[in-house]
Amino acid sequence: MTQHTLPPALPQLPDRKWVRACTVDQLPEDEGLKLATIPLTSVFAVEDELFCIDDTCTHETFSLADGWVEGCVVECTLHMAKYSLRTGEVVSPPATRPVAVHPVECVDGVVFVALPLNYLVKEG
């Protein structure tokens with residue numbers, strides 16, 4: 001992931017930085033791709049839409065990228081909490097707190113996510 005050579009087509013968003021996440025071809029259908037960020041984030045491809053959320057289940061520390069995706073909902077495989085990929089809101093307990101969602105843009109087959117400035121990104 002890198003912040004260098006960002007395309008000019010990306011909109012300016014206050015308090016966020018655009019980061020190259022992957023190519024569209026690298027995204028598994030109906031699964032998440034974990035990004036090297038702190039906190040961890042994941043990108044999901046569902047039908048013709050792309051989503052980016054914080055990767056860690058708020059019920060118990062577990063990766064949502066490893067969860068099951070159906071429609072625009074991801075289910076944590078540990079205790080079956082479900083989250084909306086669109087809003088980050090809890091769809092089904094035991095989780096009670098939402099996960100953060102982040103803007104996603106695709107430019108020429110490359111996926112970019114807009115992360116808060118306080119998120120750390122592993123370069124490389």
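A few points about this structure:
- Once backbone amide H atoms are built at 1.01 Å from N, Ala100 has Asp54 as its partners under 5 Å, excluding neighbours fewer than 5 places away on the same chain.
- Heavy-atom accessible area order for Cys52, Cys72, largest first, 1.4 Å probe: Cys72, Cys52
- Considering only GluC sites (Glu not before Pro) in DSSP loops that have at most 12 other Cβ atoms within 10 Å, the longest stretch of the chain without any of them is 61-122.
- Rounded to the nearest 20, the size of the Cβ-charge dipole of region 7-124 about its Cα centre is 520 debye, with Lys and Arg at +1 and Asp and Glu at -1.
- Taking amide H positions as modeled 1.01 Å from N, with prolines and chain starts lacking one, the residues under 5 Å from Asp30 and 5 or more places away or on another chain are Ala45, Glu47.
- Cα centroid separation, region 1-66 to region 94-116 (Å): 5 Å
- Mean Cβ neighbour count within 10 Å, used as a protection proxy, ranking 92-102, 77-87 highest first: 77-87, 92-102
- Phi-based couplings in Hz for region 18-24 (Karplus 6.51, -1.76, 1.60; Gly and Pro marked x): 7, 10, 6, 9, 4, 9, 4
- Within the listed set Thr37, Thr61, Thr23, the Gaussian network model of the chain (springs between alpha-carbon atoms below 10 Å) gives the highest mean-square fluctuation for Thr61.
- Taken one residue at a time, the phi angles of region 59-65 give Karplus couplings (6.51, -1.76, 1.60, θ = phi - 60°) of 7, 8, 5, 7, 6, 7, 4 Hz. Gly and Pro are set to x.
- You can think of it this way: the chain between Lys122 and Glu49 has 23.8 nm of extra reach, that is 0.36 nm per residue less the Cα-Cα gap.
- Taking label positions 7 Å along the Cα-Cβ direction at both Thr77 and Leu13, the computed distance is 2.8 nm, reported to one decimal.
- Look at the Cα gyration tensor of region 53-96: its axes a ≥ b ≥ c give a/c under 1.5, and that counts as rounded.
- For region 97-107, 3J(HN,Hα) computed residue by residue from phi via the Karplus equation (6.51, -1.76, 1.60; θ = phi - 60°) reads 10, x, 9, 6, 10, 9, x, 10, 9, 10, 10 Hz, glycine and proline entered as x.
- Amide H to amide H distances under 5 Å link Val73 with Leu85, where only residues 5 or more positions off or on other chains count and H is placed in the peptide plane.
- Gaussian network model of the chain, Cα within-10 Å springs - most flexible of Pro39, Pro14, Pro103: Pro14
The values are calculated or read from the model by the stated rules, or taken from the named source; none is laboratory data. Being a predicted model, the structure only gives us computed values, none of them experimental. In this analysis, Cβ positions are derived from the backbone assuming ideal geometry, glycine residues included, and neighbour counts consider all displayed protein chains. In case anyone asks, the SASA skips ligands and DNA or RNA and just uses the protein heavy atoms, side chains included. Shrake-Rupley method; radii C 1.70, N 1.55, O 1.52, S 1.80 Å.
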